[in-house]
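The structure appears below as structure tokens.
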Amino acid sequence: MRADPAVRDLLGRGASVRLLWEVCCVPDFRKLGEDTHTRFCSRLFTALATAPHRVSADHVARSLQDLARLDGDIETLMQRLAGIRVWAYVAARRGWLEGEAEWRSRARDIEDSLSDALHERLAARFVDRRAAHLIRRLEHGEPELLSAVASDGTVLVEGHRVGQVLGFAFRPDDDQAGDGQRALLRAARRTLGREIRARLRRLEAASDAAFTLDAGNRVLWHAETINADPAAGVPIARLRSGATIARPRIEPIDSEFLDQAARRAIAARLDAWLSGRIEGLLAPLAQARRRAARHPSLRGLVHLLDEGLGIAPAPDAAAALPSDHSLPRRLGIQVGVFASWLAPLLKPHAMQLRAHLLAAHTGMPMPAIPPPGAISVPTHADFATASTLLHGWVSAGPVLVRLDVAERIVRDLDRRAGAGELALPPDLASRLGCRAALLPAVLRSLGFRLVKGEAGALVLRPRRNPRAPRPRAVPANPAFAALAALKP
């Protein structure tokens, strides 16, 4: 560097010699074996030894801009990485750069980006070479390659990740392209056949507790042997519309590894699980059918309850009531203003299962079911108007009120109002689970009339049709008439 006239002219005092020594200590990370680093240090010394004794921000920006590029091959990236490390060393020296704090941070960011890009290039080269080796082995008839499926479903071939198996479906990684990567996938598929067959045996032996339904009506399999997080589960099938609303069809999720026999085995195991749940949680329906066999006048109403999974909306339910109005209640059927229903089917687990079955039967998305114990919830678009009651809720303007709660409150208010007027009970809003400001709109939606009393406060008048419609001796629906005429 002393041979450089610009450098030699600036030497003379002790401070400049010390500065020259410090500049010469800048590491040559690039190691190009030429005078590139010497010229860099000469320019650096000249800038620091002359006013304003700083490397300008413009010069640093131009230099770092060239080094920040992420294109090029492995060797190019390695040279840029070495170059940015030189600038990172310079930026770390106090007082050498204009705006040094900003450039220290910028140099670190560029170094991280270049390191990541270099890692990707090296990994790709390694994979390409390994894939070429695998191709040669496959071409020479060596099918046995080292492969495994990790606990989280990751599929590895010769230590290289090629995708993930979820339940019985294989999902290749997005970067599996090209001849080499296709060879890896071909090797993975040769070994996945054995893994899928083993999973099928484990599924057939699994307990009913290993299966659940998610909000998309998919059957999830919870097993430590197929998923690192059994609580999350993996989707293996969907519910589809079946012969009846209570008999949905099980459709296994598509997989290239499942033949027709395997799909039938999965469907049979899951059908047994789901049938057990339906028979357990909807047992009151089966009991109602058995009781109706002894009481022909109930067959029409029980048929409606079957179609609605335990809830029969009015007025059809009212038209199907027997002449003996006490008979349904004696047999466990609740008869109300809005519907007739079986009380056990409004319990949380039964409500959840009913929602899954209704969604599968109609093909509509499953609505968000209110939490257990909720009396009312704000009205939301998840419930179609026609299905609100079938899900066990009464639409009451700004809120949805649970069916049994709405029926109980309506009956109580009708009884207390009689033929006159009733001051709004102070606890009515809490009983309905809504804010006091919403109470008028809720009551009007339930069919009540509200007027101002003598003191100016709102009072409640009976609904125009305060009682559930009385059935005629012969039901209006001819089908129900034919059912009623049947003898047990």
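The values are calculated or read from the model by the stated rules, or taken from the named source; none is laboratory data. Everything numeric here is computed off the predicted structure, so don't read it as measured data. Note that we place each Cβ from the backbone using ideal geometry, even for glycine, and neighbour counts take in every protein chain shown.
Inside the range 280-329, can you point out the residues that are out of contact with any helix residue (DSSP H, G or I) (no Cβ under 9 Å at 6 or more places or on another chain), of a type in the set (Lys, Arg) and either within 26 Å of GLY242 (Cα to Cα) or not in a helix (DSSP H, G or I) (or both)?
ARG290, the sole residue that qualifies.
How about the range 56-69: which of its residues are more than 17 Å from ARG30 (Cα to Cα) and touching a helix residue (DSSP H, G or I) at 6+ places or on another chain (Cβ under 6 Å)?
Across the range 56-69, the qualifying residue is only VAL60.
Scan the range 234-271 for residues that are part of a helix (DSSP H, G or I) and either touching a residue at least 12 places away in the same chain (Cβ under 8 Å) or crowded, with 18+ Cβ neighbours inside 10 Å (or both) and report the count. Step through it out loud before you land on a result.
The initial filter retains those residues of the range 234-271 that are part of a helix (DSSP H, G or I), namely 260-271.
Going one step further and asking which of them are either touching a residue at least 12 places away in the same chain (Cβ under 8 Å) or crowded, with 18+ Cβ neighbours inside 10 Å (or both), we end up with 262-263, 265-267, 269-271.
Here the count works out to 8.
Can you find a residue that is part of a helix (DSSP H, G or I) and at pLDDT below 85 anywhere in the range 172-179? Talk me through it step by step, then tell me what you get.
The first filter runs over the range 172-179 and keeps only residues part of a helix (DSSP H, G or I), leaving 178-179.
From the residues that got through so far, the ones that are at pLDDT below 85 too are 178-179.
For the range 172-179, residues part of a helix (DSSP H, G or I) and at pLDDT below 85: present.
Going by what's in this entry, would ALA355 be described as more than 17 Å from LEU285 (Cα to Cα) and in a helix (DSSP H, G or I)?
Values: more than 17 Å from LEU285 (Cα to Cα): no; in a helix (DSSP H, G or I): yes.
The answer is no for ALA355.
Every residue, every condition in (1) crowded, with 16+ Cβ neighbours inside 10 Å; (2) of a type in the set (Lys, Arg); (3) under 23 Å from the mean Cα position of the chain (by Cα); (4) closer than 19 Å to ALA215 by Cα, yes or no:
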residue	(1), (2), (3), (4)
ALA359	yes, no, yes, yes
THR362	no, no, yes, yes
ALA368	no, no, yes, yes
GLY373	no, no, no, no
GLY392	yes, no, no, yes
ASP404	yes, no, no, no
ILE409	yes, no, no, no
LEU413	yes, no, no, no
ALA419	no, no, no, no
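ALA429 - would you say it is farther than 28 Å from ARG354 by Cα, of a type in the set (A, V, I, L, M, F, W, C) and part of a loop (DSSP other than H, G, I, E, B)? Can you show your working first?
On the way: farther than 28 Å from ARG354 by Cα: yes; of a type in the set (A, V, I, L, M, F, W, C): yes; part of a loop (DSSP other than H, G, I, E, B): no.
Against the criterion (farther than 28 Å from ARG354 by Cα, of a type in the set (A, V, I, L, M, F, W, C) and part of a loop (DSSP other than H, G, I, E, B)), ALA429 does not qualify.
Taking the condition in the same structural domain as ARG161 (by TED's automatic domain parsing), hydroxyl-bearing (Ser, Thr, Tyr) and not in a strand (DSSP E or B), does THR212 pass? Before you say what the answer is, go through the steps one by one.
On the way: in the same structural domain as ARG161 (by TED's automatic domain parsing): yes; hydroxyl-bearing (Ser, Thr, Tyr): yes; not in a strand (DSSP E or B): no.
No.
Against the definition (at pLDDT below 90, closer than 30 Å to ASP214 by Cβ, of a type in the set (D, E, K, R) and surrounded by 13 or more Cβ atoms within 10 Å (Cβ to Cβ)), how does ASP382 come out, yes or no?
Working: at pLDDT below 90: yes; closer than 30 Å to ASP214 by Cβ: yes; of a type in the set (D, E, K, R): yes; surrounded by 13 or more Cβ atoms within 10 Å (Cβ to Cβ): yes.
Spelling it out, ASP382 is indeed at pLDDT below 90, closer than 30 Å to ASP214 by Cβ, of a type in the set (D, E, K, R) and surrounded by 13 or more Cβ atoms within 10 Å (Cβ to Cβ).
Among residues belonging to the range 200-229 that are within 24 Å of the chain's Cα centre (by Cα) and charged (D, E, K, R), point out the one that is surrounded by the fewest Cβ atoms within 10 Å (Cβ to Cβ). Lay out the reasoning, then the answer.
Taking the range 200-229 first, the residues within 24 Å of the chain's Cα centre (by Cα) are 203, 208-229.
Add one more test, that the residue is charged (D, E, K, R), and what stays is 208, 214, 218, 224, 229.
Numbers: ASP208: 13, ASP214: 14, ARG218: 18, GLU224: 9, ASP229: 11.
Filtering first and then ranking leaves GLU224.
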